[in-house]
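K.L.:
Take this structure, written in structure tokens, and hold onto it; I'll ask about it next.
The values are calculated or read from the model by the stated rules, or taken from the named source; none is laboratory data. Treat the numbers as computed from the prediction; the structure is a model and nothing was measured. Using ideal geometry, Cβ is built from the backbone for each residue, glycine included, and neighbour counts are taken over all protein chains shown. Note: areas computed on protein heavy atoms with side chains; ligands, DNA, RNA excluded. Shrake-Rupley method; radii C 1.70, N 1.55, O 1.52, S 1.80 Å.
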Amino acid sequence: MLIKQAPDIRSSEITPERVYRNRRQFIQAASGAVAGAVAGGTVLGRYGGTLQAQEPIPGLRKSPLSTDDEPNSYEDITSYNNFYEFGTGKEDPARYAHEMSIDPWSVRVEGEMNKPAADVAIEDLLRPHALEERIYRLRCVEAWSMVVPWVGIPLGDVIKRFEPTSKAKYVKFETLYRPEEMRGQRARSLQWPYVEGLRMDEAMHPLAILAVGMYGKTLLNQQGAPLRLVVPWKYGFKSIKSIVKMEFVEEQPRNSWNVSIPSEYGFYSNVNPDVSHPRWSQASERRIGSFFRIRTEPFNGYADQVASLYDGMDLAENY
Ligand SMILES: Nc1nc2c(c(=O)[nH]1)N[C@H]1C(S)=C(S)[C@@H](COP(=O)(O)O)O[C@H]1N2
Ligand SMILES: [Mo]
């Protein structure tokens, strides 16, 4: 894929040392690494003419839940993105997402839960958990796909800490709303903030993760730094980026794509080759970086693990 050379890196785009230190602390907290275990300092990625800081993440475990598919290149994964907060073009996120500041970052957790509502600093959200590498297929509803070596933690482990009550039937997520830094939010391409949701049993499924990195380093902003959802058996739009809020709710949340075009995008959005999108077939997909189309698998190849979540449901009706 296209990698743009940085034509002109202004010093204002270079992250100050203080920010590096903070980010390093959050990664160390999360991976349980002792101080000084981060070798090599900061790694800088150059994409779309911008410079962003990434931290190497030490002490990663490899998850047995990974796919054997060959991961896409780092360049493909970080230069061809959907993140409408920065524009509707696939290259817009790589070009403009550096305008979003992600440090400090906290997540508001509230709703039907026993623990009191709280603004949880990302360091504290991650601290009790061991980060692991999970290689997953990501299937966009637009019939392209990628394979990404994510770094993250099971969403269910985080949810349990807040002790949702029996009234918590769904989890609702929201992305940062900050139009000064997210130029796509100054347009009405979608409802802002971006909202997504999962049924509680989907959210608790061990395949659902919160990702903070990929290829062994922290996420770039265009990927949804510093914290995004990844739900590999669903179309990509469920995997909401740059999360600032998690709420336990009784009613099914109205997700942004469903609000904007309900006839085309539902709530469940499980990958399903048998149910066409109104404007195109979902039977096959093009893996980014490859010329050929491949067959799309039910539940994106994760049917053995997740199909039972939908026993008795009509998946053409509940698309
Ligand atoms: N906040 C937010 N999250 C988002 C989107 C978005 O526009 N805004 N796009 C979604 C879509 S349609 C896809 S396919 C994936 C793309 O993830 P990637 O860019 O990391 O491949 O992010 C999803 N998460
Ligand atoms: Mo997508």
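K.L.:
Among the candidates ARG254, ARG293, single out the residue that is at pLDDT 95 or above and over 26 Å from GLY111 (Cα atoms).
P.N.:
Numbers: ARG254 fails: over 26 Å from GLY111 (Cα atoms).
Being at pLDDT 95 or above and over 26 Å from GLY111 (Cα atoms) holds for just one of ARG254, ARG293, which is ARG293.
K.L.:
Going through the stretch 119-138 one residue at a time, which ones are open to solvent by 20 Å² or more (accessible area, probe 1.4 Å) and within 16 Å of ligand 2 (Cβ to nearest atom)?
P.N.:
Once the filter is applied, which keeps residues that are open to solvent by 20 Å² or more (accessible area, probe 1.4 Å) and within 16 Å of ligand 2 (Cβ to nearest atom), the stretch 119-138 yields ARG137, LEU138.
K.L.:
I would also like to ask the following. Which residues, taken from the stretch 280-293, are away from ligand 2 (no atom under 14 Å from the Cβ) and either in a loop (DSSP other than H, G, I, E, B) or in contact with a Leu (Cβ under 8 Å, 6 or more places away or on another chain) (or both)? Spell out how you get there, then give the answer.
P.N.:
Of the residues in the stretch 280-293, the ones away from ligand 2 (no atom under 14 Å from the Cβ) are 281, 283-284, 287, 289-293.
Correct list: SER281, ALA283, GLY289, SER290, PHE291, PHE292.
K.L.:
Another question, if that's okay. Before we move on, is GLU110 farther than 23 Å from ASN300 by Cα and either within 16 Å of ligand 2 (Cβ to nearest atom) or in a strand (DSSP E or B) (or both)?
P.N.:
Yes.
K.L.:
When you check ILE102 against the structure, is it more than 15 Å from ligand 2 (Cβ to nearest atom) and within 17 Å of the chain's Cα centre (by Cα), yes or no?
P.N.:
Here the answer is yes, as ILE102 does meet what is asked.
K.L.:
Being within 9 Å of ligand 1 (Cβ to nearest atom) and open to solvent by 30 Å² or more (accessible area, probe 1.4 Å) is the filter here, so list the residues in the stretch 181-191 that pass it.
P.N.:
Within the stretch 181-191, just SER189 meets the criteria.
K.L.:
Where in the stretch 207-263 are there strands (runs of 3 or more DSSP E), lying fully within it, with 2 or more residues that are open to solvent by 10 Å² or more (accessible area, probe 1.4 Å)?
P.N.:
Filter on the stretch 207-263 gives 243-249.
K.L.:
Of all residues in the stretch 264-290 being hydrophobic (A, V, I, L, M, F, W, C) and under 19 Å from GLY197 (Cα atoms), which is surrounded by the fewest Cβ atoms within 10 Å (Cβ to Cβ)?
P.N.:
Among them, the one singled out is PHE267.
K.L.:
Oh, and also: Would you confirm whether any residue within the stretch 238-245 is closer than 21 Å to GLU70 by Cα, basic (Lys, Arg) and within 13 Å of ligand 1 (Cβ to nearest atom)?
P.N.:
No.
K.L.:
Show the residue pairs that are 6+ apart or on different chains and have beta-carbon atoms under 6 Å apart, the first residue being within the stretch 227-238 and over 16 Å from VAL147 (Cβ atoms) and free of Cβ contacts under 8 Å to residues at least 12 places away in the same chain, the second being more than 9 Å from ligand 2 (Cβ to nearest atom) and assigned to a helix (DSSP H, G or I).
P.N.:
Listed pairs, sorted by first residue: none to list.
K.L.:
In this structure, does SER260 turn out to be under 30 Å from ARG161 (Cβ atoms) and within 12 Å of ligand 1 (Cβ to nearest atom)?
P.N.:
Numbers: under 30 Å from ARG161 (Cβ atoms): no; within 12 Å of ligand 1 (Cβ to nearest atom): yes.
So SER260 fails the test.
K.L.:
If VAL141 satisfies every condition in (1) assigned to a loop (DSSP other than H, G, I, E, B); (2) surrounded by fewer than 18 Cβ atoms within 10 Å (Cβ to Cβ); (3) within 16 Å of ligand 1 (Cβ to nearest atom) but one, which is the exception?
P.N.:
It is condition (2) that VAL141 fails.
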